[in-house]
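Participant: Questions regarding the structure given below will be posed in turn.
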């Protein structure tokens with residue numbers, strides 16, 4: 001195990017404090033588990049916060065049915081290994097209507113992710129939902145609170161955010177309100193990887209470089225994960241040494257050309273990289289301020 | 001590899017070039033990825049203010065609304081790192097109406113950058129920013145004098161500004177000041193020394209931040225840990241989880257629960273990485289004690305000398321809500337991990353941050369900072385803010401909207417129950433009630449002037465009397481002739497008016513009586529205050545529901561006519577609001593029944609609730 005830099009110790013302490021505040025203030029909390037590296041760090045922190053007990057909240061996974069197969073395998077292994085309670089939700093309307101990323105574009109994200117999340121939070125009557133979002137991911141996230149209030153319908157109103165002082169987190173809710181809680185608010189992508197390395201945390205193998213079948217589309221490398229992939233005329237899968245920086249649904253998350261096959265390689269690559277993490281997330285580039293718009297509508 | 005984390009507040013106004021400075025720091029430290037830079041070039045053409053160049057300010061002005069308006073409307077957090085340090089910048093806007101954001105950013109920062117426009121020098125807003133920085137306990141600042149290119153890189157201008165700032169220090173309290181002349185747009189003295197200002201030989205801004213050692217509290221203070229969460233997975237384990245606020249602790253040390261003053265020894269310091277031999281400031285731990293003592297969330301585990309247990313505190317309060325702060329109002333008071341009800345007992349002075357002097361006031365408006373006294377419903381372990389940010393910093397939460405409406409810093413503590421002792425009497429409320437053959441209660445009739453409150457209350461009381469019950473009526477108008485004759489109709493006086501009536505009602509409830517209060521009481525907050533005075537189930541909110549047009553038509557006292565003609569001001573329903581009850585125990589729609597019918601409805605409700613047999 002690598003020595004943990006002092007600033008990671010400070011970030012870890014802050015995140016544990018936040019997770020304990022959730023346990024103390026919430027009536028029915030849930031942790032939104034997205035299987036990615038941030039979720040892996042979040043689970044690790046939650047285990048630390050409540051050790052020797054298990055974290056006092058279940059995990060919720062919004063399953064779009066288009067996650068990479070390796071992600072689902074990793075999810076089930078992790079849940080079993082640590083004895084977490086996993087709750088899954090898929091938007092039944094989207095499933096019935098056959099909504100998919102090939103035919104429906106941004107409507108797919110709205111229906112299978114945003115709507116599905118809102119449904120699951122409403123059905124579960126969760127008052128606090130913990131997520132792994134970080135302030136460095138995108139400009140509109142920089143102003144997000146740690147305890148972020150959502151109005152009725154899970155909407156986010158940037159101008160109605162509560163002042164957040166010291167380490168006092170106001171988790172009081174008026175009728176119809178819920179909270180999203182972001183314990184990794186002050187972490188960067190590099191912090192996440194350095195911490196994963198220092199703490200020996202397991203992450204989905206897709207983050208490590210391996211030869212994978214790919215096609216190029218609009219300058220992005222798309223990995224072919226199963227036989228649901230639709231090829232354009234003339235397209236043929238080509239094996240390339242690639243890995244992922246950010247994981248979502250398979251035809252929407254682009255891979256990067258990288259030989260980084262170990263955590264040490266990834267941290268070294270991160271230190272020299274000049275491309276943002278979300279550049280591979282095709283949904284964020286639809287329009288200017290697209291993330292802010294999605295957040296207002298209830299996207300995580 | 002960065003070896004530490006520095007939290008820095010940046011303050012300056014829209015025009016000082018603060019966003020540009022931050023954008024420049026992020027850019028120079030490699031925190032801006034290539035694809036974001038491409039977007040920045042595109043945005044610079046669309047929204048930018050730097051002709052033909054890259055506008056780094058657009059990197060940090062996050063929300064679409066802000067980019068369009070060209071102002072920063074909220075506090076934002078930015079990260080960057082250098083080979084020696086990782087930084088968190090709390091970026092808060094400088095214009096006056098957003099003081100609350102600056103206070104928010106300052107509350108978690110150890111260091112501050114104060115940005116000054118070299119052309120303008122020290123403005124009222126500079127004093128305001130410095131005052132807030134000082135009040136929030138930041139002791140180390142960099143004075144970044146920006147736009148030096150626009151004053152010809154003139155050292156005399158810089159020196160004049162620095163001298164002017166030093167002259168403020170005796171009114172601000174102790175601040176360690178480092179002054180640097182910069183050009184944020186071009187990067188002079190931001191990350192590299194400026195060739196334009198050879199007369200400046202000090203460190204660049206970035207080098208200063210890398211070397212900064214904030215003046216923190218000494219490490220040799222006694223141990224304190226507010227208990228966050230009791231970890232009790234099964235009967236074999238019971239641990240107290242929290243973050244160490246001050247001092248160090250090791251197994252075998254004796255700690256005291258500040259609330260109960262009961263002591264125990266530390267048996268184990270549990271973490272997932274193994275038990276610790278010692279734990280210190282800012283470490284999240286789970287403490288196991290050697291014996292079972294009563295400890296819950298909100299208690300503070302400490303070693304001698306332990307924190308005071310406050311019943312009342314004096315504090316600087318920064319008001320953050322549109323509705324002003326008044327004496328008599330009650331809020332949820334959150335400090336450390338404790339949450340109680342805090343009632344504002346006094347507001348004396350406001351800090352005029354432009355002149356750094358104090359002015360006598362009776363209320364605090366949005367973004368004002370004042371000296372406030374708060375009485376606490378339960379004792380709270382706390383310290384003055386200059387000793388401890390965690391045990392001396394608190395927030396006030398509105399109990400209806402649940403919003404954070406104020407932030408405070410404790411300046412003085414009055415011990416709980418030391419000067420005014422509560423005498424426990426042998427004859428109690430229950431005994432008196434038993435003798436009377438009834439349960440005491442407050443029937444709180446609320447509604448517009450002329451709604452029919454007093455008429456119905458009068459009928460109810462006559463029936464109670466006929467049934468041999470013991471009652472008392474408090475009428476809003478009548479009380480103003482005596483007990484409350486010193487009060488007018490301003491919002492602050494209305495709050496005090498209702499507080500006194502609630503307290504008197506409580507005394508009558510103690511006496512075992514059924515108390516009928518007929519009182520406009522237009523604000524939900526104040527009715528909640530009255531409700532809190534008595535026990536659960538003893539307060540019945542009775543909404544005498546009459547539309548304002550009907551009240552105006554009845555106008556038994558001719559008051560609506562006066563209000564409509566402007567002779568009477570602050571009149572509820574005309575030029576002052578009435579907040580209708582959301583969930584009253586009893587609602588009496590006067591258009592649907594005669595006063596007699598409605599009074600009978602009240603009597604029935606009293607029977608149903610077992611108040612009368």
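The values are calculated or read from the model by the stated rules, or taken from the named source; none is laboratory data. Predicted model only: the values in this text are computed from it and were never measured. Using ideal geometry, Cβ is built from the backbone for each residue, glycine included, and neighbour counts are taken over all protein chains shown.
Participant: Any residue at all in the range B:571-581 that's in contact with a strand residue (DSSP E or B) (Cβ under 6 Å, 6 or more places away or on another chain) and modelled with pLDDT of 90 or more?
Facilitator: Yes: the range B:571-581 contains one or more residues that are in contact with a strand residue (DSSP E or B) (Cβ under 6 Å, 6 or more places away or on another chain) and modelled with pLDDT of 90 or more.
Participant: Which of the residues belonging to the range B:98-112 are in contact with a helix residue (DSSP H, G or I) (Cβ under 6 Å, 6 or more places away or on another chain) and not in a helix (DSSP H, G or I)?
Facilitator: Answer for the range B:98-112, where residues must be in contact with a helix residue (DSSP H, G or I) (Cβ under 6 Å, 6 or more places away or on another chain) and not in a helix (DSSP H, G or I): just B:112.
Participant: Within the group A:45, A:8, which residue is under 30 Å from residue B:286 (Cβ atoms) and out of contact with any strand residue (DSSP E or B) (no Cβ under 9 Å at 6 or more places or on another chain)?
Facilitator: Numbers: A:8 fails: out of contact with any strand residue (DSSP E or B) (no Cβ under 9 Å at 6 or more places or on another chain).
Result of the check over A:45, A:8: A:45.
Participant: Additional query: Select from the range A:177-189 the residues that are under 13 Å from the mean Cα position of the chain (by Cα) and in a loop (DSSP other than H, G, I, E, B) and write down the one among them that is nearest to the other protein chains (Cβ to nearest Cβ).
Facilitator: By that ranking, first place goes to A:185.
Participant: Turning to a different aspect of this structure: Can residue B:462 be described as modelled with pLDDT of 90 or more and exposed (fewer than 13 other Cβ atoms within 10 Å of the Cβ)?
Facilitator: Taking the combined requirement at face value, the residue satisfies it.
Participant: Which numbered condition in (1) under 25 Å from residue A:73 (Cα atoms); (2) surrounded by fewer than 16 Cβ atoms within 10 Å (Cβ to Cβ); (3) at pLDDT below 90 is the only one that residue A:250 fails?
Facilitator: Among (1) under 25 Å from residue A:73 (Cα atoms); (2) surrounded by fewer than 16 Cβ atoms within 10 Å (Cβ to Cβ); (3) at pLDDT below 90, residue A:250 violates only (2).
Participant: Taking residue A:70 as the residue in question, decide whether it is part of a helix (DSSP H, G or I), more than 14 Å from chain B (Cβ to nearest Cβ) and out of contact with any helix residue (DSSP H, G or I) (no Cβ under 7 Å at 6 or more places or on another chain).
Facilitator: no
Participant: Name the residues in the range B:189-244 that are in contact with a helix residue (DSSP H, G or I) (Cβ under 6 Å, 6 or more places away or on another chain) and within 26 Å of residue B:108 (Cα to Cα), would you?
Facilitator: B:190, B:191, B:228, B:229, B:241, B:243 - these are the residues of the range B:189-244 that are in contact with a helix residue (DSSP H, G or I) (Cβ under 6 Å, 6 or more places away or on another chain) and within 26 Å of residue B:108 (Cα to Cα).
Participant: Follow-up. If you take the residues of the range B:283-296 that are in a loop (DSSP other than H, G, I, E, B) and surrounded by fewer than 20 Cβ atoms within 10 Å (Cβ to Cβ), which of them is nearest to the chain's Cα centre (by Cα)?
Facilitator: Among those residues, the one meeting the criterion is B:296.
Participant: What number goes with the only condition from (1) within 14 Å of chain B (Cβ to nearest Cβ); (2) touching a strand residue (DSSP E or B) at 6+ places or on another chain (Cβ under 9 Å) that residue A:35 does not pass?
Facilitator: Here residue A:35 clears every test but (1).
Participant: Which members of the range B:339-367 meet the condition of being in contact (Cβ under 8 Å) with a residue 24 or more places away in the chain and not in a strand (DSSP E or B)?
Facilitator: B:353, B:354, B:355, B:356, B:362, B:363, B:365, B:366, B:367
Participant: Taking the range B:232-270, which residues are part of a loop (DSSP other than H, G, I, E, B) and within 11 Å of another protein chain (Cβ to nearest Cβ)?
Facilitator: The first filter runs over the range B:232-270 and keeps only residues part of a loop (DSSP other than H, G, I, E, B), leaving B:235-236, B:244-245, B:247-248, B:250-253, B:258-261.
Within the range B:232-270, B:236, B:244, B:245 meet the criteria.
Participant: Could you say whether any residue in the range A:190-206 is more than 11 Å from chain B (Cβ to nearest Cβ), assigned to a strand (DSSP E or B) and either buried (at least 18 other Cβ atoms within 10 Å of the Cβ) or without any contact (Cβ under 8 Å) to a residue 60 or more places away in the chain (or both)?
Facilitator: Taking every residue of the range A:190-206 in turn, none turns out to be more than 11 Å from chain B (Cβ to nearest Cβ), assigned to a strand (DSSP E or B) and either buried (at least 18 other Cβ atoms within 10 Å of the Cβ) or without any contact (Cβ under 8 Å) to a residue 60 or more places away in the chain (or both).
Participant: Something else now. Could you tell me how many of the residues in the range B:465-483 are more than 28 Å from residue B:438 (Cβ to Cβ) and surrounded by 15 or more Cβ atoms within 10 Å (Cβ to Cβ)?
Facilitator: Result for the range B:465-483: 1.
Participant: Within the range A:217-245, how many residues are surrounded by 10 or more Cβ atoms within 10 Å (Cβ to Cβ) and not in a strand (DSSP E or B)?
Facilitator: Number satisfying all stated conditions: 10.
Participant: Inspect the range A:164-174 for any residue being in a loop (DSSP other than H, G, I, E, B), out of contact with any strand residue (DSSP E or B) (no Cβ under 7 Å at 6 or more places or on another chain) and either within 14 Å of chain B (Cβ to nearest Cβ) or at pLDDT below 90 (or both) and give the result as yes or no. Spell out the reasoning first.
Facilitator: First, pick out the residues of the range A:164-174 that are in a loop (DSSP other than H, G, I, E, B): A:164-174.
Subsequent filtering for residues that are out of contact with any strand residue (DSSP E or B) (no Cβ under 7 Å at 6 or more places or on another chain) retains A:167, A:174.
Checking which are either within 14 Å of chain B (Cβ to nearest Cβ) or at pLDDT below 90 (or both) leaves us with A:167, A:174.
So far as the range A:164-174 goes, yes, one or more of its residues are in a loop (DSSP other than H, G, I, E, B), out of contact with any strand residue (DSSP E or B) (no Cβ under 7 Å at 6 or more places or on another chain) and either within 14 Å of chain B (Cβ to nearest Cβ) or at pLDDT below 90 (or both).
Participant: May I pose another question? Yes or no: the range A:123-132 includes at least one residue that is crowded, with 20+ Cβ neighbours inside 10 Å and within 14 Å of chain B (Cβ to nearest Cβ).
Facilitator: Checking the range A:123-132: at least one residue is crowded, with 20+ Cβ neighbours inside 10 Å and within 14 Å of chain B (Cβ to nearest Cβ).
Participant: Considering the range B:155-171 alone, what residues qualify as being surrounded by fewer than 16 Cβ atoms within 10 Å (Cβ to Cβ) and in contact (Cβ under 8 Å) with a residue 24 or more places away in the chain? It would help to see each step written out before you state the result.
Facilitator: Of the range B:155-171, the ones surrounded by fewer than 16 Cβ atoms within 10 Å (Cβ to Cβ) are B:155-156, B:159-160, B:163-164, B:166-167, B:169-171.
Of everything in the range B:155-171, those that are surrounded by fewer than 16 Cβ atoms within 10 Å (Cβ to Cβ) and in contact (Cβ under 8 Å) with a residue 24 or more places away in the chain turn out to be B:155, B:160, B:164, B:171.
Participant: Also, I was wondering about something else. Looking only at the range B:484-500, count how many residues are without any contact (Cβ under 8 Å) to a residue 60 or more places away in the chain and either in a helix (DSSP H, G or I) or surrounded by fewer than 16 Cβ atoms within 10 Å (Cβ to Cβ) (or both).
Facilitator: Number satisfying all stated conditions: 7.
Participant: Can you give me the number of residues within the range B:323-362 that are farther than 24 Å from residue B:378 by Cα and touching a strand residue (DSSP E or B) at 6+ places or on another chain (Cβ under 9 Å)?
Facilitator: The total comes to 13.
Participant: Just the residues that are in contact with a strand residue (DSSP E or B) (Cβ under 6 Å, 6 or more places away or on another chain) and more than 19 Å from residue B:611 (Cβ to Cβ), please, taken from the range B:503-531.
Facilitator: B:520, B:521, B:522, B:529
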